[in-house]
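The values are calculated or read from the model by the stated rules, or taken from the named source; none is laboratory data. Bear in mind that the values here come from a model prediction, so they are computed numbers and not experimental data. Please note: Cβ atoms are built from the backbone with ideal geometry, for glycine as well, and neighbour counts cover all protein chains shown. Keep in mind that these areas ignore ligands, DNA and RNA; they rest on the heavy atoms of the full protein, side chains included. Shrake-Rupley method; radii C 1.70, N 1.55, O 1.52, S 1.80 Å.
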Amino acid sequence: MTDQSRRRFLSHSLCGCVFGLAGANALAKSTPGQLDALISSDYQPSDADERGLWHLCDRLEKEVAASNLLIRDEGLNTYLRNVTGRLLGSYRSDVRIYAMRNADFNASMTPNGMMIVNSGFLARVRNEAQMAAVLGHECGHYLRLHTVRNWRSMKAKSAVMAVVAIAGAGATGATGNNWYDLANAINTGLLASMFSFSREMEGEADAFGIKLMREAGYAPHEASAVWSQLIEERKAAAAARNKRYKDNSVSSFSTHPPSSERMFQLKAYAMEMEGRQREAVTSETGRAEFVAATAPMREAFIEEQIKLNDPGASLYLLNSLAQDGWDGVLRYNEGEVYRLRDEEGDAQRAADAFTQAVRFENAPAEAYRAHGYALLKAGANEDGLRALSRYLELEPNAADAAMIRFTLGH
Ligand SMILES: [Zn+2]
């Protein structure tokens, strides 16, 4: 499977459930206090059907584990495992987490306990509690057996089993099918529905996630903050394109939108918890831990968003992250958004952002290059050349080093 097809496969066929819609009527059915796990730890598939489903997911997991898109940063992976473990307690060894390079805000869970989180999700959450809200939601799908329950209620199992059989044959090479074929086979409405969840299940996973958050000692109101940030980002993206933002929760056919009903329901759960507990609910957000663990990858995650060329969303994201303080990476990328957008006044906005970026200790080397060129353009030759020299000092082996040296007259 090519990276592109794998990406399409993962984002369209699997759960995709963080975006899965949970409407208000469905959400009202379960509250965090009423839900328990439906399985014991060390759960194994209980019959041939379920084994077939697991077999398919195990094969997919091998593909994911070997993917070029897998983020192998050890610190980040240990951190993700620890936070998931803190949420899951005695179930901690039943779930494996894979962080993938994919700019979409998404996460998913398969019935065999493979959890996938995208870099687009990690780029947007601001602290550990927000991250835990989404991880807890995915764990809710696993512990409440959502995929299996979905599957058991489906009438057209024979078609599903046919695809499982393709996967099995592919494993032996008997039919010559590879993952590319399989991904295309799976990318049908039938299988997509097998791996996506109903509104009711999404509501249940939201409630379960917030229960896990509370038990692990995270501030529950951070769950709704994830959604409000996402909704505001969508609004900003739409506004930048002169379009109206549509909260598709009013339509029962929508599959992906971050709905305001869902945000309000999560807020209500958090308030209910705060009201019910005699002792104050923890306000732990784990901001410092999150910052430390994601620091080595943060620049790449943000750059990935800027490259999507969605200035409204990018500027919203940068300002959202800057609520915890501006720094060199955020300012440099702010400048990049303006430089790439290139509307009237943007060149000056970009130059200003680069000037601010290099004042921070964590300014990326590229910030000095951008700052240098902006200064040269403005006629400030001496300062411009000094900034370019600084870039070369920081990145002596940069791909454009020879060109910069030429500009510097070296
Ligand atoms: Zn979900």
Which one is modelled with the lowest pLDDT among residues in the stretch 232-264 that are more than 18 Å from R341 (Cβ to Cβ), open to solvent by less than 40 Å² (accessible area, probe 1.4 Å) and part of a helix (DSSP H, G or I)?
S249
Per the filter on the stretch 273-285, residues modelled with pLDDT of 65 or more and either in contact with a Phe, Trp or Tyr (Cβ under 8 Å, 6 or more places away or on another chain) or open to solvent by less than 70 Å² (accessible area, probe 1.4 Å) (or both) are M273, G275, T282, E284, T285
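Quick one: which helices (runs of 4 or more DSSP H) lie wholly within the stretch 303-410 and hold at least 3 residues that are touching a Lys or Arg at 6+ places or on another chain (Cβ under 8 Å)?
Values: elements: 311-321, 328-341, 346-357, 365-377, 381-394, 401-408.
In the stretch 303-410, 311-321, 328-341, 346-357, 365-377, 381-394 are the helices (runs of 4 or more DSSP H) which contain 3 or more residues that are touching a Lys or Arg at 6+ places or on another chain (Cβ under 8 Å).
With among the small types (G, A, S) and buried (at least 22 other Cβ atoms within 10 Å of the Cβ) as the only criterion, which of A402, A353, A347 stands out? Please lay out each step first, then the result.
On the way: A402 fails: buried (at least 22 other Cβ atoms within 10 Å of the Cβ); A347 fails: buried (at least 22 other Cβ atoms within 10 Å of the Cβ).
When all the criteria are applied, what remains is A353.
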Output yes when any residue across the stretch 77-95 is β-branched (V, I, T) and surrounded by fewer than 19 Cβ atoms within 10 Å (Cβ to Cβ), and no when none is.
yes
Given the conditions (1) modelled with pLDDT under 90; (2) open to solvent by 10 Å² or more (accessible area, probe 1.4 Å); (3) closer than 15 Å to G136 by Cβ, which single one is not true for M109?
(2)
